[in-house]
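Here's the structure we're looking at; comments come further down.
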Amino acid sequence: SHIDEVWTLGMGRRRGVAALVGYLVLIVTLCMLYKPAPSRKHAKVSTIAPNGVNISRLHVTYENCIAGLPHNRSKKLQKLLWLHFPKCGTSLGTVVHGYLCQSDPTPHSKQRTGRRTASVCDYCELEQMNKQGTPYWDGKIRALLPTPEIRKYCDWNVAYAGGFFGHNPLRRNQHLRGKDDAGVLALFRDPRRRLASAWNHGKHTHHLGTSDAESRFPKSRVLLEKETPTLRDFARHKHVRGCQVKMLVGGQCGMYHNITAAVYEEALNRLHRLAFVGVTDAYNASVCLFHHMWGGTPQPHMFANARPARAHRVNWKPNKLPGGGLQVRPSAWTNLSLDDDPDDYRLFLAAQDLFIERLRKYGFLKPPYYTSLP
């Protein structure tokens, strides 16, 4: 009948509306539950380590450092080696100098005859040159050392096992834990910050080339400059990325190195055998922690910045870079991805965890060195 047809049609429409409402509810629910994956291009930037410690809340000064050090500050390292990654903290050279050199001569009876001679210790004289005619110390380091208290005498109880100028990697056969092995100290840095600093420093890439011979010629440098017109191009260049990993396993920072899983594991293994691991962006805490661990007395100038970035200045104007591109503000590192230099970033996280573990051990994660307030 006509009534039955109308009823049937009405029921069909009701079912259609109900189905439509059901679909809409499902779509809304899925939208509410959906959380997009974090962008790989612009990863969220944080100074909070996975263990919950925020290194930006460290507040270490010379005054509270010296007040918290033990009375017995005798040096515990007999041999020292500085692993200096490019753009990771030239200022640490003042700590190295302070550990090796002193204001008064060591009694002659304590000089290690046959192991070291007076001529070997020319490096404590700031104006002395090495055999290549280069000053032992970077001019930025020498500028920080206090003139009235120049420590020109060697501490004959501590030997130095490396070079002072430049960025020399660990030897491939470097031993790190034996009685007579050098205590290696190094500052590690978030590679995004390191790369932005290197970009501003004329696309700084130490020992560029695929071999020692090639690095002596300018063609490699010119080629890299042309291939890196932007900061991201520079960060992802095969000669540039992985610098800290490469130098730990014996490679030069600017040489191409195929970083396999085995190579990375070797770098990680060496990281955990270093005598001291610091973090560039917690520099004051690194200086103080070193003296807590290995003795010696810190000095005020050791907490100064040897290379303050000009790009922080309000009236700063960027310069053109060789091969194309302009300098950037220091904050530009946040535009780099974790994937631009993944091996160095993984290594940095491991170094930061080790650093924080030692901060906790030596009482740095409490006042006056650390505040839990935002």
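The table for this structure:
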quantity	calculated
Residue, modelled with the highest pLDDT, within region 59-80, restricted to residues that are open to solvent by less than 20 Å² (accessible area, probe 1.4 Å) and within 20 Å of the chain's Cα centre (by Cα)	Val60
Complete set of residues in region 205-238 that are modelled with pLDDT of 80 or more and in contact with a Cys (Cβ under 9 Å, 6 or more places away or on another chain)	Thr205, His206
Yes/no for Pro298 being on the phi < 0 side of the Ramachandran plot, more than 18 Å from the chain's Cα centre (by Cα) and outside any strand (DSSP E or B)	yes
Residue that is modelled with the highest pLDDT [pool: residues in region 122-146 that are in a loop (DSSP other than H, G, I, E, B) and over 17 Å from Tyr160 (Cα atoms)]	Leu145
Cβ pairs under 6 Å, 6+ apart, first in region 152-170 and farther than 16 Å from Met247 by Cβ and outside any loop (DSSP other than H, G, I, E, B), second open to solvent by less than 40 Å² (accessible area, probe 1.4 Å) and at pLDDT below 80	Cys154/Cys121
Criterion: assigned to a loop (DSSP other than H, G, I, E, B), at pLDDT below 95 and touching a strand residue (DSSP E or B) at 6+ places or on another chain (Cβ under 6 Å) - qualifying residue of Gly52, Gly89	Gly89
Those residues of region 311-356 which are open to solvent by 90 Å² or more (accessible area, probe 1.4 Å) and under 16 Å from Asp281 (Cα atoms), in sequence order	His312
Of all residues in region 254-281 being free of Cβ contacts under 8 Å to residues at least 24 places away in the same chain and in a helix (DSSP H, G or I), the one that is least open to solvent (accessible area, probe 1.4 Å)	Val263
Exclusive hit being closer than 18 Å to Lys87 by Cβ and outside any helix (DSSP H, G or I), set Val245, Val240	Val240
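The values are calculated or read from the model by the stated rules, or taken from the named source; none is laboratory data. Note that the structure is predicted; figures quoted are calculated from it, not measured. Neighbour counts run over all protein chains shown; Cβ positions are idealised from the backbone, glycine included. Note: accessible area is taken over every heavy atom of the protein model, side chains too, but ligands, DNA and RNA are not part of it. Shrake-Rupley method; radii C 1.70, N 1.55, O 1.52, S 1.80 Å.
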